[in-house]
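Reviewing the structure listed below.
The values are calculated or read from the model by the stated rules, or taken from the named source; none is laboratory data. For clarity, every value in this text was computed on a predicted model and none was experimentally measured. Ideal geometry is used to build each Cβ from the backbone, glycine not excepted, and the neighbour counts take in all protein chains shown. Areas reflect the complete protein model, heavy atoms only, side chains present, ligands, DNA and RNA absent. Shrake-Rupley method; radii C 1.70, N 1.55, O 1.52, S 1.80 Å.
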Amino acid sequence: MTETNNLNFTTQNVTRSELRDLVRNQLQILLESGNLQQAKSILQPVQPADIAEAIEGLPEAMHALVFRLLPKTEAIEVYEYLDYSVQEHLIEELKSQDVRDIVDKMSPDDRARLFDELPAKVVNRLLEQLSPAERQATAQLLGYEADTAGRIMTPELIYLKENFTVTQAIERIRSLANVSEIIYYLYVTDTARRLTGIVSLRELVVSQPEQTMGEIMTREVVFVHTDTDQEEVARLIQRYDFLAVPVVDKEQRLVGIVTVDDVIDILQRETTEDIYALGGGVQSDGDNYFQMTLLQVARKRVVWLFVLLITNTVTGTIIKSQEDILQQVVILTAFIPLLTGTGGNVGAQSSTVVIRGMSTDEIRSLKIWQVIGREAIAGAFLGIMLGTIATIWAYFLQGRPEVAFIVGISLVAISIIASVAGSALPFLFRAFRLDPALMSAPFITTAVDVLGVVIYFNLARVILRL
């Protein structure tokens, strides 16, 4: 009992990450010693999200054991916070009835996302175990294309008829509140369930009891269709600061809503994918990168490294073809890493800001040539500043002004080319329906390296008259 009280006191004085580590460490100690009652006690004051993180940090063999210590209602909530790999492991470890209770009580959109990650055989078995209503709701969502509003929406919402009075609407909310994901927005439909308006809970509360929904609702409703891309849905909710956005089918019938918590998950997932891709062509495929095996990590990362290995032989071939220059002016070799490295960094900066602008629609008001021109000018300024410093440094390093001048001019040219390549290639790959974040990095590096050494050696030939 004393240990439990200490935990309650401690949770008020630690950060969330410290709390997670504290719970995980105490759980592991208690489970290893077989003290299940005390382990159950320390979980009582902890939030479901923190319990989920603590479970993920435990050895895999303890996941199901901790999960069985939770009350059924809390277990369902904790399960929705867990990583997909842990969810899948628990399905294999828990008894069939436990799995059925958990999956059946999950919200349809969370259940559909879980089924997307599971093997088809497991999904079919779980679908058979669901209640008819939940099976129908899940099958409806799984019937829509992946990464669309229809796939990520929840059909659990409250909708009202235009002729409902405020009193009738409040009674309906009371009766359906437990089966609806949110009650802050109330959607109004006609007899065919076509979306006609929206009423906020605040508007409902301050209106007169006898007023109808048709009198108080807002008719200009922002909505999306079931086939709208999930990223577009996320940007829409982000732009208008919505808590949810309604989803309609081709006949304008209201079929569900996408809530802000789903959007946060989407934005985090998309951002993670872009960061992995920009970091060198690493694709996460929705997996937790740090929970993958080392063999999976190597397999995901080696592809683009192999592409770069092959393409970089082009740079090596060009350098080898210039042996006659290098034999006469050996010092030129010392500046090749400087030029290629700087060009790669400048190109990466340009591609990063352009890809970010594409993702957030910040450049939607600009034409492609305006974006590329802007980056080219920025590259020229960067080249002049860096070229001046490199020229001075090169002169003091070996004392030949003509070689220093070659390095400086080459750096200016490479910076401009790198900026143009970095800003243009994402547009080119998007036009071919390829992922700009995944494709740009290796191609920018190759293009800048090849063009950089070509410019460098040709300038050397002209200026040094070799």
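Just in region 192-238: which GluC sites (Glu not before Pro) are loop by DSSP and have at most 10 other Cβ atoms within 10 Å?
Within region 192-238, the qualifying GluC sites (Glu not before Pro) (loop, at most 10 other Cβ atoms within 10 Å) are 210, 220.
Cross-link candidates for residue 161: which lysines have Cα within less than 30 Å, leaving aside residues fewer than 8 places away along the same chain?
105, 250
Rounded to the nearest 10 degrees, what's the angle between the helix 84-93 long axis and the longest principal axis of the chain, both from Cα atoms, 0 to 90?
The angle comes out at about 50 degrees.
Could you check how much of the accessible area of region 114-249 is carbon and sulfur, as a whole percent, using a 1.4 Å probe? Walk me through the numbers before you get to the answer.
Working: 3480 of 7120 Å².
C and S fraction of accessible area: 49 percent.
On full extension of the chain, what length is gained from residue 231 through residue 49, given 0.36 nm per residue of separation minus the C-alpha to C-alpha distance? Intermediate values should be presented prior to the final figure.
On the way: separation 182, 0.36 × 182 = 65.52 nm, distance 2.48 nm.
Gain on extension, residue 231 to residue 49, equals 63.0 nm.
Between (i) 4, 15, 19, 19, 17, 13, 8, 4, 1, 0; (ii) 4, 21, 33, 28, 12, 2, 0; (iii) 5, 23, 33, 24, 11, 3, 0, 0, which matches P(r) over Cα pairs in 10 Å bins from 0, in percent calculated for the structure shown?
From the options (i) 4, 15, 19, 19, 17, 13, 8, 4, 1, 0; (ii) 4, 21, 33, 28, 12, 2, 0; (iii) 5, 23, 33, 24, 11, 3, 0, 0, the structure gives (i).
Where only protein heavy atoms count, and the probe is 1.4 Å, what is the accessible area per residue for the chain in Å²? Show your work: numbers first, answer last.
Values: 24600 Å² over 466 residues.
The answer is 53 Å² per residue.
Where does helix 401-431 land angle-wise versus the long Cα axis of the chain, in degrees 0 to 90, nearest 10?
So the helix axis and the longest Cα principal axis differ by about 30 degrees.
Working from Cα positions, state the angle (0 to 90°, nearest 10) between the long axis of helix 260-278 and the longest principal axis of the chain.
Tilt of helix 260-278: around 20 degrees.
Sum -39500 (n - 2.57) across every DSSP H segment of at least 4 residues in the chain, then divide by the residue count to get the 222 nm mean residue ellipticity, nearest 500. Could you put the intermediate results ahead of the total?
Details: 23 runs with 319 residues, N = 466.
Value at 222 nm, helices only, nearest 500: -22000 deg cm²/dmol.
Between exposed chymotrypsin sites (Phe, Trp or Tyr not before Pro) in the chain, where DSSP calls loop and at most 16 other Cβ atoms lie within 10 Å, what's the longest gap?
So the longest stretch without any such site is 185-431.
So how much slack lies between residue 297 and residue 127, counting 0.36 nm per residue of separation and subtracting their Cα-Cα distance, in nm?
Answer, rounded to one decimal: 58.0 nm.
Can you list the trypsin sites (Lys or Arg not before Pro) in region 351-406 that are in a DSSP coil and have 12 or fewer other beta carbons within 10 angstrom?
364, 367
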